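The values are calculated or read from the model by the stated rules, or taken from the named source; none is laboratory data. Remember, predicted model here, so these are calculated numbers, not experimental data. When we count neighbours, we look across all protein chains shown, and the Cβ atoms used for this are built from the backbone with ideal geometry, even at glycine.
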Amino acid sequence: MSIPNKSNFKFQELTPITGVKPYVIRYWETEFPEIAPIDSEGGQKIYARKDVEAILRIKKLLFEEKLSIPEAKVRMQSAPEEVVTGAPATSVDTGALEDVKNQILKSLDLIRDIKFKRKW
């Protein structure tokens with residue numbers, strides 16, 4: 001589905017436009033700084049067109065290209081202007097990917113240590 005020709009969207013409009021469930025959008029807001037809704041005076045989140053485009057890009061990276069969230073973060077940062085319908089970025093900073101991989105491995109080691117010490 002294409003994005004309607006308007007500049008701002010309410011939260012409940014996102015699922016029909018993007019095909020992404022509300023709880024997933026809320027989670028992605030915590031993971032991807034590219035999704036930055038503002039709060040209206042009435043307390044509702046208002047999403048700009050760029051937020052909807054970011055959600056569609058993230059959906060494409062995660063669901064179609066099968067990237068992990070850390071890989072999608074790197075791709076979003078390395079090619080911020082990539083169009084949703086365009087070809088995927090051809091150059092990815094492999095050093096940044098290696099850094100993300102190392103951070104994940106360190107986190108997993110830490111979790112294993114905690115799990116072993118607490119005998120979960």
Looking only at the stretch 19-36, decide whether some residue is over 13 Å from the mean Cα position of the chain (by Cα) and surrounded by 14 or more Cβ atoms within 10 Å (Cβ to Cβ).
no
In the stretch 4-14, anything exposed (fewer than 14 other Cβ atoms within 10 Å of the Cβ) and in contact with a helix residue (DSSP H, G or I) (Cβ under 6 Å, 6 or more places away or on another chain) is listed as 7
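Condition check ((1) part of a helix (DSSP H, G or I); (2) among the β-branched types (Val, Ile, Thr); (3) modelled with pLDDT under 95) across all residues:
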{"site": "16", "(1), (2), (3)": "yes, no, yes"}
{"site": "50", "(1), (2), (3)": "yes, no, yes"}
{"site": "76", "(1), (2), (3)": "yes, no, yes"}
{"site": "82", "(1), (2), (3)": "no, no, yes"}
{"site": "88", "(1), (2), (3)": "no, no, yes"}
{"site": "104", "(1), (2), (3)": "yes, yes, yes"}
{"site": "112", "(1), (2), (3)": "yes, no, yes"}
{"site": "117", "(1), (2), (3)": "yes, no, yes"}
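Limited to the stretch 37-48, what total is found for residues that are surrounded by fewer than 12 Cβ atoms within 10 Å (Cβ to Cβ) and either part of a helix (DSSP H, G or I) or of a type in the set (A, V, I, L, M) (or both)?
The initial filter retains those residues of the stretch 37-48 that are surrounded by fewer than 12 Cβ atoms within 10 Å (Cβ to Cβ), namely 38-43.
Checking the rest, the ones that are also either part of a helix (DSSP H, G or I) or of a type in the set (A, V, I, L, M) (or both) come to 38.
Counting residues in the stretch 37-48 that are surrounded by fewer than 12 Cβ atoms within 10 Å (Cβ to Cβ) and either part of a helix (DSSP H, G or I) or of a type in the set (A, V, I, L, M) (or both) gives 1.
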How do the pairs read when you match residues in the stretch 8-26 that are under 17 Å from residue 44 (Cα atoms) with residues anywhere that are surrounded by 14 or more Cβ atoms within 10 Å (Cβ to Cβ) and among the charged types (D, E, K, R), using Cβ under 6 Å and keeping only pairs 6 or more apart or on different chains?
11/45
